[in-house]
1. Anything in segment 12-49 that is crowded, with 21+ Cβ neighbours inside 10 Å, part of a loop (DSSP other than H, G, I, E, B) and without any contact (Cβ under 8 Å) to a residue 60 or more places away in the chain? List them, or say none.
2. What are the residues in segment 66-93 that are at pLDDT 85 or above and out of contact with any Phe, Trp or Tyr (no Cβ under 8 Å at 6 or more places or on another chain), if any?
3. Any idea how many residues of segment 123-163 are part of a strand (DSSP E or B), modelled with pLDDT of 95 or more and in contact with a strand residue (DSSP E or B) (Cβ under 7 Å, 6 or more places away or on another chain)?
4. Is it the case that some residue within segment 134-148 is under 23 Å from residue 189 (Cα atoms), open to solvent by 80 Å² or more (accessible area, probe 1.4 Å) and touching a residue at least 40 places away in the same chain (Cβ under 8 Å)?
5. Would you please list the contacts, defined by Cβ atoms under 9 Å and residues six or more apart or on different chains, that run from a residue in segment 182-195 that is part of a strand (DSSP E or B) to a residue that is basic (Lys, Arg) and surrounded by fewer than 22 Cβ atoms within 10 Å (Cβ to Cβ)?
6. Can you name the residue in segment 196-206 that is at pLDDT below 95 and open to solvent by 20 Å² or more (accessible area, probe 1.4 Å) and is also nearest to residue 57 (Cα to Cα) among such residues?
7. Only residues that are of a type outside the set (Gly, Ala, Ser) and open to solvent by 60 Å² or more (accessible area, probe 1.4 Å): list them for segment 149-164, please.
8. Contact list please: Cβ distance under 8 Å, first residue in segment 95-124 and closer than 12 Å to residue 68 by Cα and in contact (Cβ under 8 Å) with a residue 60 or more places away in the chain, second residue surrounded by fewer than 19 Cβ atoms within 10 Å (Cβ to Cβ) and among the polar types (S, T, N, Q), pairs at least six apart or on different chains.
Amino acid sequence: MVAAAAPAPCPNPWFPMEDGLTLTYRAGHSSELVLATKDVAPAPDGTVKATLAVSLKGRSGQTDLTCDAQGVRTGLGGLEGTLLSASGMDVQVVNAEGAAVPAPSVMVPGGTWKNSLSVKLQPPAKKGGLRPIIATTFDKEATVVGEEEVTVAAGTFKALKIKNITTARASRPGAEGRSMESFMWFAPDVGILKLTTDGETNLELLKVDRPNAKVKPASIQGGAKKKAVKPTKG
């Protein structure tokens, strides 16, 4: 028996790097977060590079995206660093290890991965204000819990549920960390649908815009599966 080949790492369906793809979220109770992918450039070696623009609370930032055999990595060390960049804080990435989203072969029930992000944070400049530098390291362990059907404002999707244990600690030897459990849901060809912490929804997908797509990803609306309709000739 011939073993099935592992799925190609790029494009990664769990973090689609598609020119023009814009995901709009509700962040917290009322803020709006917008993630827009642009400047997608596939390379002959199978890797893909792009730029992710982030808008939150009237502020904006951006980071580089790279899809390779390890998964999708960001120049700001994943979702945490990307959100920090749009919060108004000056973010200097000291070290980032691991993928924000691993290769498709890992994104299966029982799959696990780790990533780490060390940053120096500084509040935005204000006249006469102090700007202390805060050095922090985030260590995250993620596990794919299983498959679920999830409803968010953007619709109902078949998704993977991910459990995250994130430990934040001061970036100095011997510093004690504080761990937090959260859950995320990913839909293929869309990405993040939802993020919850302590049962509270911190992030929820409101809208998906993909102007350059020929085919939109399948979703389930109102609890009933929508079947793709083949175009008729003539």
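1. 17
2. 66, 68, 69, 70, 73, 74
3. Matching residues across segment 123-163 total 20.
4. No: zero hits.
5. From residues that are part of a strand (DSSP E or B), the pairs are 182/163; 183/161; 183/163; 184/161; 184/163; 185/161; 186/161; 187/158.
6. Top of the filtered list is 202.
7. 149, 151, 158, 163
8. 103/70
The values are calculated or read from the model by the stated rules, or taken from the named source; none is laboratory data. Bear in mind that the values here come from a model prediction, so they are computed numbers and not experimental data. Here Cβ is always computed from backbone atoms with ideal geometry, including for glycine, and neighbour counts include all displayed protein chains. For the accessible areas, the whole protein counts, side chains as well, though only heavy atoms, and no ligand, DNA or RNA atoms are used. Shrake-Rupley method; radii C 1.70, N 1.55, O 1.52, S 1.80 Å.
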